[in-house]
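Beneath this line is the structure, given in C-alpha coordinates, with notes to follow.
The values are calculated or read from the model by the stated rules, or taken from the named source; none is laboratory data. What you see is a predicted model, and the numbers here were worked out from it, not measured in a lab. Positions of Cβ are generated from backbone atoms using ideal geometry, with glycine treated the same way; all protein chains shown enter the neighbour counts. To get the accessible areas, we keep the full protein, side chains included, count just its heavy atoms, and leave off ligands, DNA and RNA. Shrake-Rupley method; radii C 1.70, N 1.55, O 1.52, S 1.80 Å.
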Amino acid sequence: MRKLLFVTILAVFTLCTSTTSAMTLREAVDTALKNNPSLKQTQKSIDVAEEDVKIAKGSKGVSVSLSGSADANKSEGVEESESMSARVTGSLPLYSGKRLESEIKSAELYVDIAKLDFEQSKDDLIYQVVTAYVDALENKATNLVDIETRNNLAEHEQNISDLYNAGAKAKIDLLRASVETSNANQDVARSQAAYEVSLTQLATLMSLNSISTFDVEDLNTSTDLIDIERCIAVADETRNDLKADELRIERGEVQVTSAKSGWLPSVNASVGTGFSARSRNWDPSSDATAGVSASWSIFDSKITRARVDEAKIEVERLKLAMQSDIENVHKDVVTAHKNLKSALVRLETTKRAVELAEEERFIATERYRAGEGILLDILDAEVALSTARKNHVSARYDVIRYRFELAHAIGKTY
(Lines give C-alpha, C1' and ligand atoms only; values in the text may rest on other atoms or scores of the structure.)
Protein backbone atom coordinates (compact mmCIF):
# COMPACT_ATOMS: atom_id res chain seq x y z
CA MET A 1 0.00 0.00 0.00
CA ARG A 2 1.23 3.47 -0.81
CA LYS A 3 0.27 6.59 1.04
CA LEU A 4 0.56 10.09 -0.34
CA LEU A 5 1.80 12.61 2.20
CA PHE A 6 1.69 16.25 1.22
CA VAL A 7 2.10 19.63 2.84
CA THR A 8 1.65 23.15 1.54
CA ILE A 9 4.33 25.03 -0.39
CA LEU A 10 5.35 26.69 2.89
CA ALA A 11 6.37 23.27 4.23
CA VAL A 12 7.81 22.36 0.79
CA PHE A 13 8.58 18.77 1.34
CA THR A 14 6.60 15.57 0.88
CA LEU A 15 7.67 11.97 1.09
CA CYS A 16 6.05 8.84 -0.32
CA THR A 17 6.40 5.91 2.08
CA SER A 18 6.06 2.24 1.24
CA THR A 19 6.01 -0.94 3.29
CA THR A 20 9.81 -0.69 3.76
CA SER A 21 11.09 0.67 7.05
CA ALA A 22 11.34 4.45 7.41
CA MET A 23 14.20 6.33 9.07
CA THR A 24 13.56 9.34 11.30
CA LEU A 25 16.29 11.82 12.18
CA ARG A 26 16.56 10.44 15.72
CA GLU A 27 16.83 6.89 14.40
CA ALA A 28 19.47 7.96 11.90
CA VAL A 29 21.57 9.56 14.66
CA ASP A 30 21.16 6.60 17.02
CA THR A 31 22.09 4.14 14.28
CA ALA A 32 25.23 6.11 13.40
CA LEU A 33 26.31 6.31 17.05
CA LYS A 34 25.83 2.55 17.34
CA ASN A 35 27.50 1.44 14.09
CA ASN A 36 30.10 4.02 13.08
CA PRO A 37 33.56 2.33 13.19
CA SER A 38 35.52 5.56 13.66
CA LEU A 39 33.52 6.35 16.79
CA LYS A 40 34.11 2.85 18.13
CA GLN A 41 37.84 3.31 17.58
CA THR A 42 37.79 6.58 19.53
CA GLN A 43 35.93 4.86 22.36
CA LYS A 44 38.68 2.23 22.61
CA SER A 45 41.14 5.03 23.39
CA ILE A 46 39.36 5.47 26.72
CA ASP A 47 39.93 1.80 27.58
CA VAL A 48 43.63 2.10 26.73
CA ALA A 49 43.97 5.24 28.87
CA GLU A 50 42.31 3.54 31.84
CA GLU A 51 44.78 0.65 31.64
CA ASP A 52 47.62 3.19 31.65
CA VAL A 53 46.27 4.51 34.97
CA LYS A 54 46.47 1.01 36.44
CA ILE A 55 50.07 0.70 35.24
CA ALA A 56 51.03 4.06 36.74
CA LYS A 57 49.42 3.25 40.09
CA GLY A 58 51.07 -0.17 40.14
CA SER A 59 54.49 1.44 39.85
CA LYS A 60 53.93 3.09 43.24
CA GLY A 61 52.93 -0.13 44.99
CA VAL A 62 54.76 -3.14 46.37
CA SER A 63 56.55 -5.40 43.90
CA VAL A 64 57.61 -8.96 44.77
CA SER A 65 60.11 -11.04 42.84
CA LEU A 66 61.06 -14.69 43.17
CA SER A 67 64.37 -16.16 42.05
CA GLY A 68 65.90 -19.59 42.35
CA SER A 69 68.68 -21.79 41.01
CA ALA A 70 69.84 -25.40 41.01
CA ASP A 71 73.38 -26.49 40.06
CA ALA A 72 75.28 -29.73 39.66
CA ASN A 73 79.09 -29.84 39.29
CA LYS A 74 81.26 -32.81 38.27
CA SER A 75 85.01 -32.51 37.88
CA GLU A 76 87.70 -35.20 37.45
CA GLY A 77 89.04 -36.29 40.80
CA VAL A 78 86.47 -34.25 42.66
CA GLU A 79 83.32 -35.57 44.25
CA GLU A 80 80.13 -34.51 42.44
CA SER A 81 78.24 -31.70 44.20
CA GLU A 82 74.80 -30.30 43.87
CA SER A 83 73.21 -27.14 45.26
CA MET A 84 69.98 -25.21 45.14
CA SER A 85 68.75 -21.83 46.36
CA ALA A 86 65.62 -19.66 46.29
CA ARG A 87 64.89 -16.08 47.29
CA VAL A 88 61.83 -13.84 47.61
CA THR A 89 62.35 -10.10 47.53
CA GLY A 90 59.82 -7.31 48.01
CA SER A 91 60.36 -3.62 47.34
CA LEU A 92 58.37 -0.43 47.83
CA PRO A 93 59.24 3.02 46.47
CA LEU A 94 59.25 5.52 49.34
CA TYR A 95 60.18 8.70 47.49
CA SER A 96 60.65 9.45 43.78
CA GLY A 97 60.84 13.21 43.67
CA LYS A 98 57.12 13.26 42.65
CA ARG A 99 57.88 11.30 39.48
CA LEU A 100 55.52 8.42 40.25
CA GLU A 101 52.80 10.74 41.54
CA SER A 102 53.12 12.83 38.37
CA GLU A 103 52.84 9.74 36.17
CA ILE A 104 49.61 8.73 37.94
CA LYS A 105 48.15 12.23 37.61
CA SER A 106 49.18 12.39 33.97
CA ALA A 107 47.51 9.07 33.23
CA GLU A 108 44.30 10.13 35.00
CA LEU A 109 44.20 13.38 33.05
CA TYR A 110 44.65 11.45 29.82
CA VAL A 111 41.56 9.38 30.66
CA ASP A 112 39.56 12.60 31.04
CA ILE A 113 40.99 13.91 27.76
CA ALA A 114 40.08 10.68 25.97
CA LYS A 115 36.52 10.93 27.27
CA LEU A 116 36.20 14.53 26.07
CA ASP A 117 37.65 13.58 22.69
CA PHE A 118 35.06 10.82 22.46
CA GLU A 119 32.23 13.22 23.28
CA GLN A 120 33.51 15.67 20.67
CA SER A 121 33.68 12.86 18.12
CA LYS A 122 30.07 12.00 18.95
CA ASP A 123 29.04 15.63 18.45
CA ASP A 124 30.87 15.76 15.12
CA LEU A 125 29.26 12.55 13.93
CA ILE A 126 25.79 13.72 14.98
CA TYR A 127 26.35 16.95 13.06
CA GLN A 128 27.44 15.04 9.96
CA VAL A 129 24.38 12.79 10.13
CA VAL A 130 22.01 15.72 10.69
CA THR A 131 23.56 17.62 7.79
CA ALA A 132 23.27 14.61 5.49
CA TYR A 133 19.67 14.09 6.61
CA VAL A 134 18.76 17.72 5.90
CA ASP A 135 20.53 17.52 2.52
CA ALA A 136 18.38 14.50 1.66
CA LEU A 137 15.23 16.34 2.72
CA GLU A 138 16.15 19.34 0.60
CA ASN A 139 16.93 17.18 -2.42
CA LYS A 140 13.61 15.39 -1.99
CA ALA A 141 11.72 18.68 -1.72
CA THR A 142 13.50 20.01 -4.81
CA ASN A 143 12.57 16.85 -6.67
CA LEU A 144 8.92 17.36 -5.72
CA VAL A 145 9.04 20.91 -7.08
CA ASP A 146 10.48 19.57 -10.34
CA ILE A 147 7.77 16.91 -10.50
CA GLU A 148 5.01 19.47 -9.97
CA THR A 149 6.52 21.78 -12.60
CA ARG A 150 6.76 18.88 -15.04
CA ASN A 151 3.14 17.92 -14.37
CA ASN A 152 2.00 21.52 -14.88
CA LEU A 153 3.88 21.76 -18.17
CA ALA A 154 2.51 18.41 -19.27
CA GLU A 155 -0.99 19.69 -18.51
CA HIS A 156 -0.32 22.82 -20.58
CA GLU A 157 0.98 20.64 -23.39
CA GLN A 158 -2.18 18.53 -23.32
CA ASN A 159 -4.41 21.63 -23.37
CA ILE A 160 -2.48 23.10 -26.28
CA SER A 161 -2.66 19.78 -28.10
CA ASP A 162 -6.43 19.80 -27.72
CA LEU A 163 -6.60 23.37 -29.00
CA TYR A 164 -4.26 22.56 -31.86
CA ASN A 165 -6.37 19.58 -32.89
CA ALA A 166 -9.38 21.90 -32.85
CA GLY A 167 -7.50 24.35 -35.07
CA ALA A 168 -7.36 27.05 -32.40
CA LYS A 169 -3.57 27.09 -31.84
CA ALA A 170 -0.52 26.99 -34.06
CA LYS A 171 1.75 23.98 -34.22
CA ILE A 172 4.70 26.05 -33.00
CA ASP A 173 2.94 26.44 -29.63
CA LEU A 174 2.54 22.68 -29.35
CA LEU A 175 6.19 22.09 -30.27
CA ARG A 176 7.41 24.64 -27.74
CA ALA A 177 5.22 23.10 -25.02
CA SER A 178 6.55 19.63 -25.83
CA VAL A 179 10.15 20.88 -25.59
CA GLU A 180 9.52 22.47 -22.19
CA THR A 181 7.91 19.28 -20.88
CA SER A 182 10.90 17.25 -22.08
CA ASN A 183 13.30 19.66 -20.37
CA ALA A 184 11.28 19.40 -17.18
CA ASN A 185 11.59 15.61 -17.31
CA GLN A 186 15.38 16.04 -17.33
CA ASP A 187 15.18 18.24 -14.24
CA VAL A 188 13.11 15.58 -12.49
CA ALA A 189 15.67 12.89 -13.35
CA ARG A 190 18.58 15.00 -12.08
CA SER A 191 16.92 15.95 -8.80
CA GLN A 192 15.84 12.35 -8.23
CA ALA A 193 19.43 11.20 -8.72
CA ALA A 194 20.66 13.87 -6.30
CA TYR A 195 18.17 12.64 -3.71
CA GLU A 196 19.29 9.02 -4.09
CA VAL A 197 22.95 10.05 -3.79
CA SER A 198 22.19 11.96 -0.58
CA LEU A 199 20.50 8.85 0.85
CA THR A 200 23.63 6.85 0.02
CA GLN A 201 25.82 9.38 1.83
CA LEU A 202 23.52 9.21 4.86
CA ALA A 203 23.64 5.41 4.82
CA THR A 204 27.45 5.50 4.75
CA LEU A 205 27.56 7.59 7.92
CA MET A 206 25.34 5.00 9.59
CA SER A 207 27.40 2.07 8.24
CA LEU A 208 24.37 0.75 6.37
CA ASN A 209 24.27 -0.59 2.84
CA SER A 210 21.31 1.55 1.82
CA ILE A 211 18.25 3.48 2.99
CA SER A 212 14.99 3.16 1.11
CA THR A 213 13.17 6.15 2.62
CA PHE A 214 12.75 8.10 5.83
CA ASP A 215 10.02 9.90 7.75
CA VAL A 216 9.36 13.60 7.48
CA GLU A 217 9.98 15.40 10.73
CA ASP A 218 8.80 18.85 11.78
CA LEU A 219 12.31 20.26 11.89
CA ASN A 220 12.80 23.63 13.53
CA THR A 221 12.40 26.69 11.29
CA SER A 222 11.52 29.16 14.02
CA THR A 223 12.65 32.74 13.52
CA ASP A 224 14.27 33.22 16.95
CA LEU A 225 17.99 33.96 16.94
CA ILE A 226 20.27 33.97 19.99
CA ASP A 227 22.53 36.97 20.47
CA ILE A 228 25.99 36.38 18.95
CA GLU A 229 27.86 37.32 22.14
CA ARG A 230 25.79 34.80 24.09
CA CYS A 231 26.55 32.13 21.50
CA ILE A 232 30.29 32.73 21.83
CA ALA A 233 30.10 32.64 25.64
CA VAL A 234 28.21 29.34 25.55
CA ALA A 235 30.76 27.88 23.13
CA ASP A 236 33.64 28.81 25.46
CA GLU A 237 31.89 26.98 28.29
CA THR A 238 30.55 23.89 26.56
CA ARG A 239 32.82 22.88 23.67
CA ASN A 240 34.38 19.52 24.58
CA ASP A 241 37.47 20.14 22.45
CA LEU A 242 38.24 23.35 24.38
CA LYS A 243 37.80 21.50 27.68
CA ALA A 244 40.20 18.85 26.39
CA ASP A 245 42.72 21.58 25.48
CA GLU A 246 42.62 22.85 29.08
CA LEU A 247 43.32 19.36 30.40
CA ARG A 248 46.18 18.89 27.92
CA ILE A 249 47.81 22.03 29.30
CA GLU A 250 47.34 20.79 32.86
CA ARG A 251 48.81 17.42 31.87
CA GLY A 252 51.77 19.19 30.29
CA GLU A 253 52.46 21.05 33.54
CA VAL A 254 52.32 17.74 35.42
CA GLN A 255 54.92 16.37 33.02
CA VAL A 256 57.16 19.36 33.82
CA THR A 257 57.02 18.28 37.47
CA SER A 258 57.81 14.71 36.44
CA ALA A 259 60.84 15.87 34.46
CA LYS A 260 62.15 17.86 37.44
CA SER A 261 62.22 14.66 39.50
CA GLY A 262 65.49 13.85 37.74
CA TRP A 263 67.16 16.42 40.00
CA LEU A 264 65.88 14.73 43.17
CA PRO A 265 66.84 11.49 44.93
CA SER A 266 64.80 8.30 44.89
CA VAL A 267 64.36 6.10 47.97
CA ASN A 268 63.19 2.48 48.06
CA ALA A 269 62.56 0.03 50.89
CA SER A 270 63.19 -3.67 50.40
CA VAL A 271 62.83 -6.92 52.35
CA GLY A 272 63.91 -10.39 51.33
CA THR A 273 64.27 -13.95 52.52
CA GLY A 274 65.83 -17.04 51.03
CA PHE A 275 67.36 -20.42 51.63
CA SER A 276 70.16 -22.50 50.16
CA ALA A 277 71.33 -26.11 50.50
CA ARG A 278 74.21 -28.31 49.27
CA SER A 279 74.33 -32.03 48.53
CA ARG A 280 76.78 -32.95 51.24
CA ASN A 281 74.22 -32.83 53.98
CA TRP A 282 71.23 -31.10 52.37
CA ASP A 283 70.78 -29.10 55.52
CA PRO A 284 69.16 -25.88 54.31
CA SER A 285 70.23 -22.50 55.60
CA SER A 286 68.04 -19.44 55.45
CA ASP A 287 68.51 -15.72 55.78
CA ALA A 288 66.39 -12.55 55.84
CA THR A 289 67.26 -8.99 54.84
CA ALA A 290 65.61 -5.60 55.15
CA GLY A 291 66.84 -2.18 54.25
CA VAL A 292 66.37 1.18 52.63
CA SER A 293 68.34 2.31 49.59
CA ALA A 294 68.67 5.74 48.00
CA SER A 295 70.09 6.96 44.75
CA TRP A 296 70.72 10.47 43.48
CA SER A 297 72.08 11.38 40.09
CA ILE A 298 74.33 14.38 40.66
CA PHE A 299 75.44 14.74 37.04
CA ASP A 300 73.73 13.50 33.86
CA SER A 301 75.26 15.70 31.14
CA LYS A 302 72.27 18.11 31.37
CA ILE A 303 69.79 15.45 30.27
CA THR A 304 67.35 16.38 33.05
CA ARG A 305 67.63 20.07 32.16
CA ALA A 306 66.81 19.26 28.55
CA ARG A 307 63.81 17.18 29.59
CA VAL A 308 62.47 19.97 31.80
CA ASP A 309 62.93 22.55 29.05
CA GLU A 310 61.25 20.23 26.55
CA ALA A 311 58.25 19.79 28.85
CA LYS A 312 57.98 23.56 29.38
CA ILE A 313 58.10 24.21 25.65
CA GLU A 314 55.37 21.61 25.14
CA VAL A 315 53.17 23.48 27.65
CA GLU A 316 53.65 26.71 25.70
CA ARG A 317 52.82 24.88 22.46
CA LEU A 318 49.62 23.51 23.99
CA LYS A 319 48.62 26.99 25.14
CA LEU A 320 49.11 28.35 21.63
CA ALA A 321 47.14 25.41 20.21
CA MET A 322 44.27 26.16 22.59
CA GLN A 323 44.29 29.83 21.61
CA SER A 324 44.11 28.80 17.95
CA ASP A 325 41.23 26.44 18.71
CA ILE A 326 39.36 29.19 20.55
CA GLU A 327 39.73 31.51 17.56
CA ASN A 328 38.50 28.79 15.21
CA VAL A 329 35.50 28.08 17.44
CA HIS A 330 34.61 31.77 17.56
CA LYS A 331 34.93 31.98 13.77
CA ASP A 332 32.65 28.95 13.35
CA VAL A 333 30.06 30.48 15.69
CA VAL A 334 30.09 33.85 13.93
CA THR A 335 29.90 32.23 10.49
CA ALA A 336 27.00 29.98 11.43
CA HIS A 337 25.20 32.87 13.13
CA LYS A 338 25.53 35.12 10.07
CA ASN A 339 24.46 32.29 7.73
CA LEU A 340 21.40 31.60 9.87
CA LYS A 341 20.48 35.28 10.03
CA SER A 342 20.73 35.54 6.23
CA ALA A 343 18.70 32.36 5.72
CA LEU A 344 15.91 33.65 7.96
CA VAL A 345 15.66 36.79 5.82
CA ARG A 346 15.65 34.71 2.64
CA LEU A 347 12.91 32.48 4.06
CA GLU A 348 10.55 35.44 4.33
CA THR A 349 11.42 36.98 0.97
CA THR A 350 11.17 33.68 -0.92
CA LYS A 351 7.80 32.99 0.72
CA ARG A 352 6.49 36.24 -0.76
CA ALA A 353 8.12 35.45 -4.10
CA VAL A 354 6.25 32.14 -4.29
CA GLU A 355 2.94 33.92 -3.64
CA LEU A 356 3.64 36.44 -6.42
CA ALA A 357 4.79 33.75 -8.85
CA GLU A 358 1.63 31.71 -8.25
CA GLU A 359 -0.48 34.78 -8.99
CA GLU A 360 1.53 35.48 -12.14
CA ARG A 361 1.03 31.94 -13.40
CA PHE A 362 -2.70 32.08 -12.74
CA ILE A 363 -3.06 35.33 -14.68
CA ALA A 364 -0.91 34.08 -17.59
CA THR A 365 -2.89 30.83 -17.81
CA GLU A 366 -6.28 32.59 -17.79
CA ARG A 367 -5.18 35.14 -20.38
CA TYR A 368 -3.95 32.38 -22.67
CA ARG A 369 -7.18 30.45 -22.32
CA ALA A 370 -9.11 33.60 -23.15
CA GLY A 371 -6.98 34.11 -26.24
CA GLU A 372 -5.46 37.33 -24.91
CA GLY A 373 -2.02 35.97 -24.00
CA ILE A 374 0.75 33.98 -25.61
CA LEU A 375 2.32 30.63 -24.71
CA LEU A 376 5.59 32.31 -23.78
CA ASP A 377 3.84 34.09 -20.92
CA ILE A 378 2.69 30.75 -19.47
CA LEU A 379 6.09 29.11 -19.86
CA ASP A 380 7.89 32.07 -18.32
CA ALA A 381 5.43 32.04 -15.43
CA GLU A 382 5.97 28.31 -14.85
CA VAL A 383 9.74 28.79 -14.84
CA ALA A 384 9.45 31.75 -12.47
CA LEU A 385 7.24 29.76 -10.11
CA SER A 386 9.57 26.77 -10.19
CA THR A 387 12.54 29.02 -9.43
CA ALA A 388 10.68 30.75 -6.58
CA ARG A 389 9.68 27.43 -5.06
CA LYS A 390 13.23 26.05 -5.29
CA ASN A 391 14.58 29.23 -3.70
CA HIS A 392 12.07 28.82 -0.88
CA VAL A 393 13.10 25.18 -0.45
CA SER A 394 16.75 26.27 -0.32
CA ALA A 395 16.01 29.01 2.22
CA ARG A 396 13.91 26.70 4.41
CA TYR A 397 16.53 24.01 4.61
CA ASP A 398 19.33 26.54 5.00
CA VAL A 399 17.51 27.79 8.11
CA ILE A 400 17.38 24.22 9.42
CA ARG A 401 20.94 23.48 8.34
CA TYR A 402 22.48 26.64 9.83
CA ARG A 403 20.49 26.23 13.05
CA PHE A 404 22.12 22.82 13.47
CA GLU A 405 25.47 24.29 12.44
CA LEU A 406 25.20 27.00 15.08
CA ALA A 407 24.22 24.44 17.72
CA HIS A 408 27.26 22.33 16.81
CA ALA A 409 29.54 25.37 16.85
CA ILE A 410 28.53 26.27 20.42
CA GLY A 411 28.85 22.66 21.59
CA LYS A 412 25.20 21.65 21.69
CA THR A 413 23.63 18.65 19.95
CA TYR A 414 20.45 18.97 17.94
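Some notes on this structure:
- Some residue of the stretch 20-30 being out of contact with any strand residue (DSSP E or B) (no Cβ under 9 Å at 6 or more places or on another chain), open to solvent by 80 Å² or more (accessible area, probe 1.4 Å) and at pLDDT below 65: no
- Test result for residue 352, closer than 30 Å to residue 174 by Cα, open to solvent by 40 Å² or more (accessible area, probe 1.4 Å) and either basic (Lys, Arg) or at pLDDT 90 or above (or both): no
The rows are residues; the columns are (1) on the phi < 0 side of the Ramachandran plot; (2) open to solvent by 40 Å² or more (accessible area, probe 1.4 Å); (3) at pLDDT 90 or above; (4) not charged (D, E, K, R).
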| residue | (1), (2), (3), (4) |
| --- | --- |
| 188 | yes, no, yes, yes |
| 192 | yes, yes, yes, yes |
| 212 | yes, yes, no, yes |
| 215 | yes, yes, no, no |
| 223 | yes, yes, no, yes |
| 230 | yes, yes, yes, no |
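- Residues located in the stretch 96-131, provided they are over 18 Å from residue 412 (Cα atoms) and aliphatic (A, V, I, L, M): 100, 104, 107, 109, 111, 113, 114
- Residues of the stretch 238-262 satisfying the condition of being of a type in the set (A, V, I, L, M) and out of contact with any Ser or Thr (no Cβ under 6 Å at 6 or more places or on another chain): 242, 244, 247, 249, 256, 259
- Residue that is surrounded by the fewest Cβ atoms within 10 Å (Cβ to Cβ), among those in the stretch 31-58 that are of a type in the set (Gly, Ala, Ser) and either modelled with pLDDT under 90 or closer than 24 Å to residue 203 by Cα (or both): 38
- Residue check, residue 345 among the hydrophobic types (A, V, I, L, M, F, W, C) and open to solvent by 80 Å² or more (accessible area, probe 1.4 Å): yes
- Filter result for residue 384 (within 30 Å of residue 179 (Cα to Cα) and either over 23 Å from the mean Cα position of the chain (by Cα) or not acidic (Asp, Glu) (or both)): yes
- Residue in the stretch 110-118 that is surrounded by 14 or more Cβ atoms within 10 Å (Cβ to Cβ), touching a Gly at 6+ places or on another chain (Cβ under 6 Å) and in contact (Cβ under 8 Å) with a residue 60 or more places away in the chain present: no
- Enumeration of residues in the stretch 285-311 that are out of contact with any helix residue (DSSP H, G or I) (no Cβ under 8 Å at 6 or more places or on another chain), open to solvent by less than 90 Å² (accessible area, probe 1.4 Å) and of a type in the set (D, E, K, R): 287, 309
- Number of the exception - residue 96 against (1) touching a residue at least 60 places away in the same chain (Cβ under 8 Å); (2) open to solvent by 30 Å² or more (accessible area, probe 1.4 Å): (2)
- Residues of the stretch 109-134 satisfying the condition of being touching a Phe, Trp or Tyr at 6+ places or on another chain (Cβ under 8 Å) and of a type outside the set (A, V, I, L, M): 127, 131, 133
- Selected residue (only one of 314, 253 is open to solvent by 60 Å² or more (accessible area, probe 1.4 Å), acidic (Asp, Glu), in contact (Cβ under 8 Å) with a residue 12 or more places away in the chain and touching a Gly at 6+ places or on another chain (Cβ under 6 Å)): 314
- Test: residue in the stretch 311-332 that is part of a helix (DSSP H, G or I), hydrophobic (A, V, I, L, M, F, W, C), more than 27 Å from residue 103 (Cβ to Cβ) and modelled with pLDDT of 95 or more: yes
- In this entry, residue 294 passes the filter for residues that are more than 30 Å from residue 411 (Cα to Cα), touching a strand residue (DSSP E or B) at 6+ places or on another chain (Cβ under 6 Å) and hydrophobic (A, V, I, L, M, F, W, C).
- Within the stretch 154-181, the set of residues being more than 15 Å from residue 383 (Cα to Cα), open to solvent by less than 40 Å² (accessible area, probe 1.4 Å) and free of Cβ contacts under 8 Å to residues at least 40 places away in the same chain comprises 161, 174.
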